[in-house]
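Worksheet: the structure to be examined is printed underneath.
Every number in this text was worked out from the coordinates using simple rules, so none of it is lab data. Computed from a prediction, not measured in an experiment: that's the story for all the values here. Here Cβ is always computed from backbone atoms with ideal geometry, including for glycine, and neighbour counts include all displayed protein chains.
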Amino acid sequence: MPANPVLWDLDQRGVATVTLNRPEVNNAYDAGLINGVLAAMAELGKQPSLRVVVLKGNGKHFQAGADLKWINGVRPKSPAENEAVSQATFEAVQRLNLLPIPTVALVQGGCFGGGTGVISACDVVIAADNALFSITEVRWGLTAAIIIPQLCDAIGVRQVRRYALTGERFGAEDARRIGLVHEVVPLNDLEAAGAKVVEQLLANGPEAMAETKALALESSFGGMAVDDETYARLVRMHSARRRTAEASEGLASFAEKRAGNWAGLKK
């Protein structure tokens, strides 16, 4: 039997640990992982003792973005099925974004594509010094449409216009410089640094923190409601891009370990 793609537990202090658990593919997301995150958020929402959520990735890497083999399997399905996939992916990130509880992400190794959206949706992000980041979607002929709002909140439009267009990789110190992460620590100190932040959060008034977070989100693009028409448009764009000839070539280039051949593709 395959392992549960998302694990979670809640300790006596009210601190939940949610762990992405597909280490064999660097925690790349597929339908199972997306549904696992949604289920974890739903169950944690029922816990009256919940105070803090800590998000981690099992293995050497935090989260490697989308499982491109899975994406390639989704591509030929109907527009409605593709939109449903994009909607579920959006909701997983947005539920984390809007959770009225402080969230702390601990990042080691690779954090690519959708992983950057996930950490942008968290309140505090601590990275190990071996962390590596990229907003990779354009490399494969795709777009990061449904995480652009959270990324703009985290690093600003100017930085998104660089890193989401180049798809380049950058290290932990650059991620701190642009605001994607708050703190960089040696890999062996990552858990301890996270525990220190958790203790600071537990010392604060839960209702005061929830109100502060809600007020911050009110002023941000990423705080829009799930049914907002702008987000509905982003979901449609995200799913439609997946079904283009450009995405087909980009995903083929990934599978064949070669550069994309963009010339001559039908618009």
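Just a few scattered comments:
- Placing R0 at 22 angstrom, the Cβ-Cβ distance between residue 229 and residue 81 gives a FRET efficiency of 0.50 after rounding to 0.05.
- FRET efficiency for the pair residue 187 and residue 88, taken as 1/(1 + (r/R0)^6) with r the Cβ-Cβ distance and R0 = 30 Å, rounds to 0.40.
- Local electrostatic count at residue 45 - Lys and Arg +1, Asp and Glu -1, tallied over other residues with Cβ under 14 Å: +1
- With helices as the sole contributors, the chain gives -14500 deg cm²/dmol at 222 nm; each DSSP H run of n ≥ 4 counts as -39500 (n - 2.57), and the sum is divided by every residue.
- Modelled label positions at residue 35 and residue 217, each set 7 Å beyond Cα in the direction of Cβ, lie 2.5 nm from each other.
- Percent of Cα pairs exceeding the 24 Å cut-off, where the set is region 14-142: 26
- Shape call, region 173-223: gyration tensor on alpha carbons, a/c limit 1.5: oblate
- Full extension of the chain between residue 169 and residue 12 yields a length gain of 52.6 nm, computed as 0.36 nm times the residue separation minus the alpha carbon distance.
- Against the chain, whose longest principal axis is taken from its Cα atoms, helix 79-98 shows a tilt of about 20°.
- Note on residue 161 and residue 177: the extension gain reaches 4.2 nm, defined as 0.36 nm multiplied by sequence separation minus the Cα-Cα distance.
- Cα-centred dipole magnitude for the chain, charges only on beta-carbon of K, R (+1) and D, E (-1), debye, nearest 20: 960
- Chain lengthening between residue 255 and residue 47 when straightened (0.36 nm per residue, less Cα-Cα): 70.7 nm
- Positive-end residue, region 165-267 charge dipole about Cα centroid, Cβ charges, pick of 184, 237, 215: 237
- Peptides 103-109, 18-24 ordered by packing proxy, namely the average of other Cβ atoms within 10 Å per residue, highest first: 103-109, 18-24.
- For the set 77/213; 46/213; 60/257, the pairs lying more than 29 angstrom apart at their alpha carbons are 77/213.
- Cβ-based net charge around residue 181, under 10 Å, with every Lys or Arg adding one and every Asp or Glu removing one: -1
- Dipole magnitude for region 80-199: about 380 debye, using +1 per Lys or Arg Cβ and -1 per Asp or Glu Cβ, origin at the Cα centre.
- Listed peptides 82-91, 166-175 by packing density, highest first (mean Cβ within 10 Å): 82-91, 166-175
- With respect to the chain, whose longest principal axis is taken over its alpha-carbon atoms, helix 190-202 is tilted by about 60°.
- The long axis of helix 148-166 is offset from the longest Cα principal axis of the chain by roughly 40 degrees.
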